[in-house]
Every structure is written in structure tokens, then in C-alpha cells.
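Here's the structure, in C-alpha cells; my notes come after.
The values are calculated or read from the model by the stated rules, or taken from the named source; none is laboratory data. In this text, all values refer to a predicted model and were calculated from it rather than measured experimentally. Using ideal geometry, Cβ is built from the backbone for each residue, glycine included, and neighbour counts are taken over all protein chains shown.
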Amino acid sequence: MAELYIGLMSGTSVDSIDAVLVDFGEKDTLQTKIVSTLGHPISPALREAILALCAPGPSELDRAGQLDREIGQVFADAVLSLLDRAGVQPGDVAAIGSHGQTVRHRPPGSVSLPFSLQLGDPNSIAALTGITTVADFRRRDMALGGQGAPLMPAFHQAAFATDRDRAVVNIGGMANITELSADGSVYGYDTGPGNALLDYWVGLHKGKSYDEDGAWAASGRVHPELLNRLMADPYFAAKPPKSTGRETFNASWLEGASAGLEVAPVDIQATLAEVTAASIADAAHQFASGGELLVCGGGARNKDLMARLRRRLPTWSIACTGSYGIDADWLEAVGFAWLARQTLLGLPGNCPGVTGARKKTILGGIYPA
């Protein structure tokens, strides 16, 4: 009998909502059969409002409250469109796992009392879809002293662990790595910027939402001094557990590092791409001298980024997660469907070795249909 769940994900890039319908099979087994997928658009006005709230500004509480409801409604629209596409009724779905839209992430060490805030009212999602919704996955881990991120390593372990060293890298707005050791241990952390600054810079200079295939970056040259300045950021040398976001890696960070340098815009794009590749490669080198590197997220489609990774990791076998059974574009959304399943089954969803939490715990709150 099918066990259907829906996963919803909107990442740091705020480019669209990934919605995926997954059949996990029987309760005592685990398969990950993707039944249907949908990339639901985020309107330019909503995206602008979300990005504006990612930085401190006036009337934050009112804006956050309104956006919470609005994003919840858009998430619900995505679910209903997905169900219509798949020909599935709401009553056939066990639950929705919604990550929400992160607008502020303050991990341990950044403020006196760490927090992480995702918008996308799960009450609205449950009410408008008629499907039990599981959301607010980060804060239980943080209540136990953890980073609250990254959240995918437990799912990566369930889906990809083997008797060989493997690393799973998600290149979204930020990038993160999961290290799956042959001995069964799991580690991971955010490596630093992924696509967010690349998207920002190509938008500023080319008016595009992203650098398709990394073609613009590939046409430029890495600026050695700028690369050194960017890679000197303390975050890269910090020991895990650690997590990050736009609060650290943003336009002001880039402007500060490039101050006093004369660098062509195309060369800045190439240098930003190299920062993403270098920080991921450094993490992989610290894990193992070689192995299998499975890549997912929007960066997996960036030919230039993948080429940079291969140059920096010549002893690693690098491929998209689609080659291992789960499409790279949808893996993170599948992961949140899986986290919803874990919650309903009363099973933990975090990895203390990744986040630094004091123990394993059930994640998220349940909002019944």
C-alpha cells in the first residue's frame, strides 16, 4: 500500500517552491519513489518582500506576520497544484513536510540566545489543503543546543549510506556537506555560500535570475587577491558544528572584501564560483582523501561549478544524486517529506554529530488537517 507524503522546500535563493509527492512504501521499509513534482513560482513582489525581511529593517514584526500568512497560502497553492497534476486526493496523503522560508538564522555563537525563523504558516497550509502538516523542523534541535541546520544529513544517511566513504553536497543558496563514513558515522555542516552570491551578482550586472550553466563565470578569470580575501573569512576555518546564511554571506560581505581592488564584474563572478568550489573541496578533503561525491541542488546543474569541483577533487568520483536514485533537483524536498514521516512515526530527524545537539530528537510540530 502506498504511503504518500508531500515535501515543500523554498531555499535561500527564494527562486521557487519545490513541491514533491513521494511514495515511501510500507511503514517498516523505506523506498523513495517520486510520484510527481512541481516547481511553483514565487512572484517577484513576494520574493522582494522576503529578501527585504532577511535583513534588519523597519516594521519587521508586521511585515513578518503578513508574510507568514502569505507564504503559507502560496505553499498551499503549490500543494493543490501538485495534487491536481498527480491526480491524487488530499485524503490519500499522510502529511506535508514544510521547511518554510528562512528569513533569519542566528546559530549558536552569533547571538546570546540562538534562533532560526522560517515563515510559511503551517496552520494555513493544513487548513487550505486538508492535509496534516509538519513544520518548524529546526527549533527543537536548537532547543537542545544544536545549530538547527543542516537538516538533511539524517535523510542522506537513510537514502545513501553504504560501506564506502561518501559525501553528499547540496548546493543551494548556501552549500552544505554530509559526510557518510564507511564505519556508519555521519557528520556535516554548511560549507559557505553556494548560489546566493552568484545569483545576486549576475542579477546586478546581467539582469538574470541566475548564471545558466555558469557560462558567465566560466568566461571570467579568478582574481587571486579577491579569492584570498574571501576565503580568509573566519567561518571557513571554524570547526563544526556550524551553519550559516545570508546573515554572513551577502552583498556587504562581498563589497567589504573587494574594497580597493579593481576587478571586472565577470572576474568577480568567476571568483565567487571558485569560493563555492574551494569551500566544498576543503570540506571534502578534511573528510577523506577520495570517495564518492553526490551533488544535489541548483548547483548540480551549473556546469562551471561542477567542473571547478572536479579540478579541485581529482581523486573523487563526482556525480549528481540522480545517478544514485533521487533526482538532484528534488532531493531536498524529498528530505522534508521524509522528515514529516519521521515525526509522525515518532522517530528522530536530527543528527547530533552534525548539529551539535545534546541528543537525537523528534523534529517539528504537527498541525492536524
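Among the residues making up the stretch 181-201, a single one is surrounded by fewer than 24 Cβ atoms within 10 Å (Cβ to Cβ) and of a type in the set (Val, Ile, Thr): 186.
In the set (1) within 15 Å of the chain's Cα centre (by Cα); (2) in the same structural domain as residue 198 (by TED's automatic domain parsing); (3) among the aliphatic types (A, V, I, L, M), residue 167 fails one condition alone, (1). Mind listing whichever residues of the stretch 202-223 are of a type in the set (A, V, I, L, M) and either exposed (fewer than 14 other Cβ atoms within 10 Å of the Cβ) or not assigned by TED's automatic domain parsing to the domain that holds residue 262 (or both)? Once the filter is applied, which keeps residues that are of a type in the set (A, V, I, L, M) and either exposed (fewer than 14 other Cβ atoms within 10 Å of the Cβ) or not assigned by TED's automatic domain parsing to the domain that holds residue 262 (or both), the stretch 202-223 yields 204, 215.
Conditions tested, residue by residue: (1) at pLDDT 95 or above; (2) among the hydroxyl-bearing types (Ser, Thr, Tyr).
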| residue | (1), (2) |
| --- | --- |
| 2 | no, no |
| 8 | yes, no |
| 11 | no, no |
| 16 | no, yes |
| 22 | yes, no |
| 38 | yes, no |
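Considering only residues that are within 17 Å of residue 131 (Cβ to Cβ) and within 16 Å of the chain's Cα centre (by Cα), look in the stretch 335-369 and name the one that is surrounded by the most Cβ atoms within 10 Å (Cβ to Cβ). Among residues in the stretch 335-369 that are within 17 Å of residue 131 (Cβ to Cβ) and within 16 Å of the chain's Cα centre (by Cα), the one surrounded by the most Cβ atoms within 10 Å (Cβ to Cβ) is 337. You will find that of 148, 207, 192, 184, the residue that is among the small types (Gly, Ala, Ser), without any contact (Cβ under 8 Å) to a residue 12 or more places away in the chain and at positive phi is 207 and no other. The residues listed here are 67, 83, 46, 21; of these, the one that is within 24 Å of residue 155 (Cβ to Cβ) and under 22 Å from the mean Cα position of the chain (by Cα) is 21. Residues considered: 88, 79. Of these, the only one that is under 21 Å from residue 3 (Cβ atoms) and assigned to a loop (DSSP other than H, G, I, E, B) is 88. For the stretch 155-177, residues that are polar (S, T, N, Q) and surrounded by 24 or more Cβ atoms within 10 Å (Cβ to Cβ) total 2. For the stretch 115-134, what are the residues that are touching a Ser or Thr at 6+ places or on another chain (Cβ under 8 Å), surrounded by fewer than 22 Cβ atoms within 10 Å (Cβ to Cβ) and over 20 Å from residue 64 (Cα atoms)? Within the stretch 115-134, none qualify. Out of 94, 55, 64, one residue alone is over 12 Å from residue 20 (Cα atoms) and part of a helix (DSSP H, G or I). It is 64. Of the conditions (1) among the small types (Gly, Ala, Ser); (2) touching a strand residue (DSSP E or B) at 6+ places or on another chain (Cβ under 9 Å); (3) not in a loop (DSSP other than H, G, I, E, B), residue 145 clears all except one; give me its number. With respect to (1) among the small types (Gly, Ala, Ser); (2) touching a strand residue (DSSP E or B) at 6+ places or on another chain (Cβ under 9 Å); (3) not in a loop (DSSP other than H, G, I, E, B), residue 145 is out only on (3).
So that you can scan it fast, the table gives a plain yes or no per residue for (1) of a type in the set (A, V, I, L, M); (2) within 26 Å of residue 355 (Cβ to Cβ):
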| residue | (1), (2) |
| --- | --- |
| 222 | yes, no |
| 226 | yes, no |
| 238 | yes, yes |
| 246 | no, yes |
| 249 | no, yes |
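The residues in the stretch 311-369 that are among the polar types (S, T, N, Q), in the same structural domain as residue 101 (by TED's automatic domain parsing) and over 17 Å from residue 168 (Cβ atoms) can be counted, and the count is 3.
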